[in-house]
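Visitor: One structure, as structure tokens, below. Some questions next.
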Amino acid sequence: MFFRSTILLFTILTVLVACNNLSSFKQQQQLAIKNDSMALTSDSATEEKNVTAVEGIGILRLDPNYEMTKLNLYNVDSSIWMTYVYNDTFDNDSIRAYSMKPDNIFLVFRCLQRAGNMYKIVVNEQTQEVKYISVNAGEFAFQSWGKYLMDVFAVEFNQTKNPLRTNPSDTATIIKTRHQAKDSEDPIFFHPIKYKNNWLEVETDSGIKGWIKYIDDNHLAVTIFNEA
């Protein structure tokens, strides 16, 4: 009788321990899920903070040495939306990039943000359709707006609202140009020299130098000319 009671007690204790372990395991699983959810939320918040302008964080530019390999554009679920080859006869109404010139193999997409291992881009500026390019796509290189401006021919800007100044400061002295003096001569080209924060130093063909804002109130404040 004593032996049977001992076995029964041992069995009950074993069941209680097993139930306790199962409860502890479930609590750990729930905690892990909660932590994963918090991590995803934190990552998303970080990505949003990286968007420095309404127009996006910069551009994705096709490598000048691109060798006509196949290029992929992806949907948000990472499935392939389009595979294409960009050559001098390229013509596809679905792709209307920020700047493109097929005969020079020049292609630039506006980049809204980096989302994990993908860049979120505007694939069609007319419809504002958004697609994705893999971060590991070696054919494209990301550039911030400031760095991209170092490679362009010239910029145009509103010289009344965004005047040329001696230093990158809203209180710096304004530099008057021929255009501001309402001269009827040919337009002045402002060539980017360097950038600092949201300011861009430019120089005219006649040697006049000054600073303007290239991002103002979270908007791109210049019109970009890639070529003369």
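The values are calculated or read from the model by the stated rules, or taken from the named source; none is laboratory data. All figures in this text were calculated on a predicted structure; none of them were measured in a lab. Virtual Cβ from ideal backbone geometry, glycine too; neighbours counted across all protein chains shown.
Visitor: Could you list, in sequence order, the residues of segment 97-112 that are assigned to a strand (DSSP E or B) and surrounded by fewer than 16 Cβ atoms within 10 Å (Cβ to Cβ)?
Guide: Passing the criteria: only Lys101.
Visitor: Considering each residue of segment 204-220, count those that are at pLDDT below 95, out of contact with any helix residue (DSSP H, G or I) (no Cβ under 9 Å at 6 or more places or on another chain) and closer than 25 Å to Ile57 by Cα, and give that number.
Guide: Final tally of qualifying residues: 4.
Visitor: For Asp170, state whether it is surrounded by fewer than 16 Cβ atoms within 10 Å (Cβ to Cβ), more than 30 Å from Asn65 (Cα to Cα) and either of a type in the set (S, T, N, Q) or not assigned by TED's automatic domain parsing to the domain that holds Asn87 (or both).
Guide: Working: surrounded by fewer than 16 Cβ atoms within 10 Å (Cβ to Cβ): yes; more than 30 Å from Asn65 (Cα to Cα): yes; either of a type in the set (S, T, N, Q) or not assigned by TED's automatic domain parsing to the domain that holds Asn87 (or both): yes.
Considered against the rule, which asks whether it is surrounded by fewer than 16 Cβ atoms within 10 Å (Cβ to Cβ), more than 30 Å from Asn65 (Cα to Cα) and either of a type in the set (S, T, N, Q) or not assigned by TED's automatic domain parsing to the domain that holds Asn87 (or both), Asp170 comes out as yes.
Visitor: Does Lys147 fit the bill of being surrounded by fewer than 19 Cβ atoms within 10 Å (Cβ to Cβ), assigned to a strand (DSSP E or B) and either of a type in the set (Lys, Arg) or in contact with a helix residue (DSSP H, G or I) (Cβ under 7 Å, 6 or more places away or on another chain) (or both)?
Guide: No, not satisfied.
Visitor: Can Ile188 be described as modelled with pLDDT under 95 and β-branched (Val, Ile, Thr)?
Guide: yes
Visitor: Considering segment 55-94 alone, what residues qualify as being outside any loop (DSSP other than H, G, I, E, B) and not aliphatic (A, V, I, L, M)?
Guide: Of everything in segment 55-94, those that are outside any loop (DSSP other than H, G, I, E, B) and not aliphatic (A, V, I, L, M) turn out to be Gly58, Arg61, Asn72, Tyr74, Trp81, Thr83, Tyr84.
Visitor: Would you please name the residue that is nearest to Leu60 (Cα to Cα), looking only at residues in segment 89-132 that are among the hydroxyl-bearing types (Ser, Thr, Tyr) and free of Cβ contacts under 8 Å to residues at least 40 places away in the same chain?
Guide: Among them, the one singled out is Tyr98.
One line per residue, one yes/no per condition, for (1) outside any loop (DSSP other than H, G, I, E, B); (2) within 24 Å of Ala115 (Cβ to Cβ); (3) modelled with pLDDT of 95 or more; (4) of a type in the set (S, T, N, Q):
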position: Ala137; (1), (2), (3), (4): no, yes, no, no
position: Val152; (1), (2), (3), (4): no, no, yes, no
position: Thr160; (1), (2), (3), (4): no, no, no, yes
position: Pro192; (1), (2), (3), (4): yes, no, yes, no
position: Val202; (1), (2), (3), (4): yes, no, yes, no
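Visitor: Provide a single number: the residues in segment 113-135 that are surrounded by fewer than 18 Cβ atoms within 10 Å (Cβ to Cβ) and under 20 Å from Met68 (Cβ atoms).
Guide: Residues that pass the stated criteria total 1.
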